Structures are given as structure tokens and as C-alpha cells.
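What follows is one structure encoded as C-alpha cells, with my remarks underneath.
The values are calculated or read from the model by the stated rules, or taken from the named source; none is laboratory data. Treat the numbers as computed from the prediction; the structure is a model and nothing was measured. Cβ placement follows ideal geometry from the backbone for every residue including glycine, while neighbour counts extend to all protein chains displayed. The accessibility values were calculated without ligands, DNA or RNA, using every heavy atom of the protein model including side chains. Shrake-Rupley method; radii C 1.70, N 1.55, O 1.52, S 1.80 Å.
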Amino acid sequence: MARSGSTDVLVVGAGPVGLMLAAELRRAGVSCRIVDRLPARLPYAKAVGIQPRTLELFDRMGLVRDVLDAAVPMRGQLTYENGVALGRIDLVLPPEVPYGFAALPQYETERVLAEHLGRYGTGIERSTELLAFAQDPAGVTSRLTTASGAEEEVRSRFLVGCDGAHSLVRKGLGLAFEGGAFPEEYMLADVEVGWGLEPGYGVRSMHRAEDGTVDDLLVCIPLPGKGRYRMSMLVPPELSAARESGPPAGDGVAHGLEGGRAPALSDIQKVLDRLSPEPVTASALRWSSVFRISHRLVDRYGEGRVFVAGDAAHIHPPTGAQGMNTGVQDACNLAWKLALALGGAAHPRLLASYGAERRPVGEEVVGRTVRHAAEGIQADRSAPETLMLRQAQLLVGYRESPLVKPLARDDGSPLRPGDRAPDCGGLTGDIAAYPVRLFDLLRGREHVLLVYGDHPAGDSAADLAAAARDLSGGRMVTYRILPADGASPDRTRTPHHRDSRGEFARQYGPGEGAAFAVRPDGYLTACLQPPTVGALREALGKVFAP
């Protein structure tokens with residue numbers, strides 16, 4: 001067996017989750033290898049929805065423009081029952097949210113992420129499969145088989161399984177993966193139709209039997225290209241993968257694309273003839289498959305130096321395009337923590353916060369998508385505004401995280417430690433002749449301290465900036481945000497911008513003076529009112545090594 005050199009992190013699986021993790025690790029200066037057993041990207045439009053929160057993360061990484069150039073807008077959903085239009089859902093978000101909903105085939109998302117990763121000199125090692133691993137207090141030893149068929153032994157300080165629903169890493173850790181499977185099977189197809197429905201809208205058309213059950217279903221999601229949709233529908237008995245292949249083998253997880261005979265264009269047309277809102281002919285079949293759906297969640301997201309993310313940790317119905325986006329955010333959460341740990345700058349319990357923060361998110365997503373799959377998203381009793389923000393994954397937060405100290409009292413501020421740091425516009429500087437967004441200041445940065453105004457009980461912006469730099473080992477930068485009518489500070493000190501339209505004050509509610517510590521994944525480590533060096537030290541002490 002060949003022995004290779006060591007690497008900081010071995011990432012198993014080069015789907016969107018593994019690529020996101022590897023890209024964020026390389027951006028932080030961490031060495032990593034990413035392996036995948038497949039010889040090439042699969043040409044399937046499996047996960048197609050990209051949520052606004054994921055676009056915000058892509059913005060922070062500096063690749064959102066590539067994604068936007070490739071994607072198409074997802075504007076809403078048209079719903080039909082027994083041939084009657086029930087109405088439409090418009091995907092509308094508050095004006096301060098910088099991105100809307102988008103649709104992009106998974107292979108295109110993988111392409112963009114792989115190209116971004118390649119800019120750091122790291123490529124995917126294809127046709128390379130993890131066979132086994134063993135960990136010890138100092139690292140992980142993994143056994144791989146490569147494209148040539150040879151076996152290789154790799155030593156890494158950490159191992160992360162982004163290897164999907166049938167994850168070998170999850171099995172090797174002995175993690176429980178409890179849940180169940182839906183009895184229904186579905187057909188997926190990537191086709192073109194020439195109907196006159198409004199572009200940018202998904203279609204959900206169903207037939208409800210006399211007993212109230214839905215016995216026929218068609219769901220269409222727009223894709224880039226004229227009249228192109230990813231369609232899903234119930235499988236007729238003659239195409240049942242279960243009938244051909246029997247119960248799922250191996251780990252017993254019935255989830256994902258199945259083998260057997262792929263649906264033909266004529267099979268898709270039969271469903272359109274029954275359920276399409278208007279007469280239409282399907283053409284240009286790019287691919288089709290039968291797939292099954294399970295809902296499962298691991299009991300924990302890692303053990304020792306080995307972690308799981310994405311479908312290796314949680315699987316559920318594709319309702320609302322939550323799965324890939326949740327996995328991408330798993331990867332972003334874990335990457336910055338691994339980077340601090342590998343740099344010797346992490347609090348000893350920082351890595352444990354990955355599971356503490358992300359497992360509750362996975363649990364909520366699994367439960368919600370199962371309900372929506374059974375009842376439809378329109379059956380959700382949440383207020384429409386809340387429902388939309390939740391679907392956009394903008395309500396994900398970590399107020400119960402071990403990394404944050406809850407506020408002692410409710411002071412009326414809109415934000416709490418653990419909340420997403422919202423964007424705002426209209427920030428003007430002394431040199432640039434144009435206003436910028438807060439996200440422009442955060443892009444490409446890791447840890448950022450935002451100091452607003454002055455407070456008689458707080459410390460100066462210069463003292464806070466110096467403390468942030470020292471406490472983080474030089475990893476935290478500071479920006480000062482001035483009220484629209486505030487006096488200009490000494491320009492040789494902390495970089496500053498003026499809140500010329502008052503948007504920062506409205507979004508962050510800082511009162512007379514405050515400071516906000518923002519993590520690399522865009523969540524608030526601390527909300528300090530008044531901002532003092534002592535309070536900052538206490539907050540950052542939960543993240544950084546003493």
C-alpha cells in the first residue's frame with residue numbers, strides 16, 4: 001500500500017457540500033484534499049433551488065457573481081388541484097435582503113464551486129474512494145483506493161464525510177441514523193415544455209381523490225433555458241424501482257436516484273396529459289430517473305476528529321429546496337471552526353459547537369419538509385412573511401449556541417447574539433464616491449467587529465479595535481459605523497463608514513453606541529451595548545483560545 005503525505009483535512013465527497021467545505025478551508029489557508037468515487041460530475045438536476053441565505057454565503061466567499069450569471073430567478077409557485085387554479089405564492093422578501101430565490105442545476109452549482117476551489121490550487125481527486133479510517137488523539141488514518149486501483153494511506157488531522165445518504169464515514173463512526181421512508185416513488189425528468197405559464201414560477205398540480213388524499217402529483221421547477229423544467233411525479237407501477245430491485249441493500253436507506261429502467265419521454269407526457277394546467281408537449285429529455293425519499297437524522301454530527309455534513313447527516317423530502325442549502329451551511333459552519341482549531345487559535349470546545357448549532361437546524365428542516373411533503377407548503381400556518389423568511393433560511397440562528405452569551409435583559413434591540421447579521425446599504429466613506437453595502441465590507445473577511453457611534457459608558461473604538469485584534473490573534477478586523485449626523489473621527493484610526501441612509505441603525509438598533517462581532521459564516525458572536533473591552537473579551541473568549 002502506498003503511503004502519501006499528510007494533509008490538514010480530508011474531505012470525502014465532492015458534491016456541493018464537500019466543495020463548499022474544501023473551498024472555505026482553502027480560503028482560510030488550510031491544506032485539504034477532496035476525493036470522490038465518481039469519475040465525473042453527474043449530469044443530473046437533482047438539487048436545483050438556491051436559497052437567499054446560501055447566496056449570502058457565496059457573496060462572503062466572493063463567488064456569488066458566477067452563481068447569479070448561471071442561475072435563473074425563482075419567482076413563486078402556481079398551484080392547481082383537479083384542474084382548478086388555487087392561486088399562487090410569490091416569493092417576496094423584505095427590501096433589505098440582498099438576494100432573491102434562484103434555480104440552478106446541481107451540476108452547475110458544483111461546477112462553479114469546483115472552479116472557485118481550483119483558484120486555490122486544489123482539485124477534486126476523482127475515482128478515489130474511501131475504504132476505511134481509524135482515528136487517534138493526533139489525527140485520522142484513511143485508506144483509499146485510487147483511479148489506478150492502487151490503495152493509498154492518507155494521514156490527516158481531521159476527516160469530514162460529505163459522502164451522501166449512504167455515507168461510509170457515518171457508518172464508520174457508528175452514528176445512529178434514525179427515521180423512515182416514504183412509500184411513494186417518484187420520477188424525475190429534465191425536459192422542455194412550450195406552455196404559456198408565467199416564467200420563473202414553479203408549478204404544483206395535483207389530483208385529490210374523493211377521500212381527500214392526493215393520488216396524482218406533478219411538480220415543475222424552472223431551470224436555465226427556454227421552457228426548461230425539472231419535473232417530478234409519481235411513478236407508475238411498471239417503472240417501480242422497488243419492484244425491480246427489491247428493498248434497499250446495504251444500510252437500508254432508501255433515498256436518492258435508483259437504478260433500473262429510466263422513464264421515457266412518453267412516461268412524462270402521460271402525466272402532463274393528466275395534470276398539466278394547459279395542453280402541452282414535452283421535448284428535449286436530458287435525463288430521467290426514479291427516486292425514493294427517506295427522512296433521517298444522525299444522533300450527533302461527529303466524534304473526535306471526524307465529522308459529517310449534508311446528506312451524510314440529514315436526509316428529507318426535497319420540498320422547498322432545503323436539503324443542499326442546509327448542507328452547504330453545515331460546511332460553512334464547520335470550516336471556520338476547523339481553521340481556527342488547526343491554527344491553534346480555537347477555544348478547546350469550539351469544534352463541539354458544530355453539532356450543537358447544526359443538529360437543531362437539521363432536526364427542524366427534516367420535520368418541516370416531512371410536514372410540507374404530506375400537506376403542501378400552503379398548509380403551513382405560519383404568517384406568510386415568516387414562512388417566506390424560513391424557506392429562504394434567513395431565520396436560521398444560534399441563540400442557544402454554547403458560543404454566545406444571551407442578553408441579560410430585553411432592551412428592545414432587534415438582534416441577539418447568535419442571530420444572522422443582516423445586510424444594509426447606504427454606507428459612505430471619505431474616498432469612494434458611491435455608497436456600499438455592509439456585505440461589501442464583510443466580503444472576504446473572517447471575523448469582523450462593527451463599532452457604532454459613541455457611548456459614555458463604553459470604551460473607545462480604538463480601544464475596542466486593539467482588543468479585538470489581540471484577543472483574536474490578529475484575525476479580527478474592525479470597522480466603525482458612524483450615525484448619519486455624527487462627527488468624523490480621526491481618519492488615521494479605525495476605518496469608518498457613515499450610515500447615510502440610517503439603514504444600519506434600523507437593522508441593528510444600536511442606540512447611542514454598540515459593537516457587533518460577526519463570525520465568518522455571518523452570524524453574531526456578540527451584541528455589546530454599551531461596548532466595553534471587558535464584554536468583548538468575555539464574548540470572544542468562547543471562540544478563541546485564551
Please go through the stretch 193-243 and give me each residue that is farther than 19 Å from Val48 by Cα, open to solvent by less than 40 Å² (accessible area, probe 1.4 Å), part of a loop (DSSP other than H, G, I, E, B) and among the small types (Gly, Ala, Ser), ordered by number. Ala209, Gly212, Ser240
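Which of the following residues is within 27 Å of Phe133 (Cβ to Cβ) and open to solvent by less than 20 Å² (accessible area, probe 1.4 Å): Val308, Val365? Step through it out loud before you land on a result.
Working: Val365 fails: within 27 Å of Phe133 (Cβ to Cβ).
Being within 27 Å of Phe133 (Cβ to Cβ) and open to solvent by less than 20 Å² (accessible area, probe 1.4 Å) holds for just one of Val308, Val365, which is Val308.
Would you say Val48 is touching a residue at least 12 places away in the same chain (Cβ under 8 Å), open to solvent by 20 Å² or more (accessible area, probe 1.4 Å), hydrophobic (A, V, I, L, M, F, W, C) and within 18 Å of Arg228 (Cα to Cα)?
Working: touching a residue at least 12 places away in the same chain (Cβ under 8 Å): yes; open to solvent by 20 Å² or more (accessible area, probe 1.4 Å): no; hydrophobic (A, V, I, L, M, F, W, C): yes; within 18 Å of Arg228 (Cα to Cα): yes.
So Val48 does not fit the description; no.
Please verify whether the stretch 508-525 includes one or more residues that are surrounded by fewer than 19 Cβ atoms within 10 Å (Cβ to Cβ) and not in a loop (DSSP other than H, G, I, E, B).
Here is the first cut: in the stretch 508-525, the ones surrounded by fewer than 19 Cβ atoms within 10 Å (Cβ to Cβ) are 509, 511-512.
Then keep just the ones that are not in a loop (DSSP other than H, G, I, E, B); that gives none.
No, the stretch 508-525 has no match at all.
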Would you check if there is a residue in the stretch 175-188 being modelled with pLDDT of 95 or more and not aliphatic (A, V, I, L, M)? no
Suppose the filter is part of a loop (DSSP other than H, G, I, E, B) and open to solvent by 20 Å² or more (accessible area, probe 1.4 Å); does Arg300 pass it? yes
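Test Gly202 against the stated conditions and say whether it is in contact (Cβ under 8 Å) with a residue 60 or more places away in the chain and on the phi > 0 side of the Ramachandran plot. Working first, answer last.
Working: in contact (Cβ under 8 Å) with a residue 60 or more places away in the chain: yes; on the phi > 0 side of the Ramachandran plot: no.
So Gly202 fails the test.
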Check on Asp90, closer than 17 Å to Val112 by Cα, open to solvent by 50 Å² or more (accessible area, probe 1.4 Å) and of a type in the set (Asp, Glu): no
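Only one of Leu21, Leu68 is closer than 30 Å to Ala138 by Cα, outside any loop (DSSP other than H, G, I, E, B) and within 18 Å of the chain's Cα centre (by Cα). Can you tell me which? Spell out how you get there, then give the answer.
Details: Leu68 fails: closer than 30 Å to Ala138 by Cα.
Selected residue: Leu21, the only one of Leu21, Leu68 that is closer than 30 Å to Ala138 by Cα, outside any loop (DSSP other than H, G, I, E, B) and within 18 Å of the chain's Cα centre (by Cα).
What is the residue count in the stretch 430-450 for residues that are over 19 Å from Glu96 (Cβ atoms), modelled with pLDDT under 95 and either of a type outside the set (Gly, Ala, Ser) or open to solvent by less than 20 Å² (accessible area, probe 1.4 Å) (or both)? Before the answer, list the steps.
Going through the stretch 430-450, the residues over 19 Å from Glu96 (Cβ atoms) turn out to be 430-433, 444-447, 449.
This time we only want the ones that are modelled with pLDDT under 95, so: 430-433, 444-446.
Restricting the remaining residues to those that are either of a type outside the set (Gly, Ala, Ser) or open to solvent by less than 20 Å² (accessible area, probe 1.4 Å) (or both) gives 430-431, 445-446.
Residues that pass the stated criteria total 4.
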What are the residues in the stretch 71-87 that are open to solvent by 40 Å² or more (accessible area, probe 1.4 Å) and either closer than 18 Å to Asp59 by Cβ or part of a loop (DSSP other than H, G, I, E, B) (or both), if any? Pro73, Arg75, Asn82, Gly83
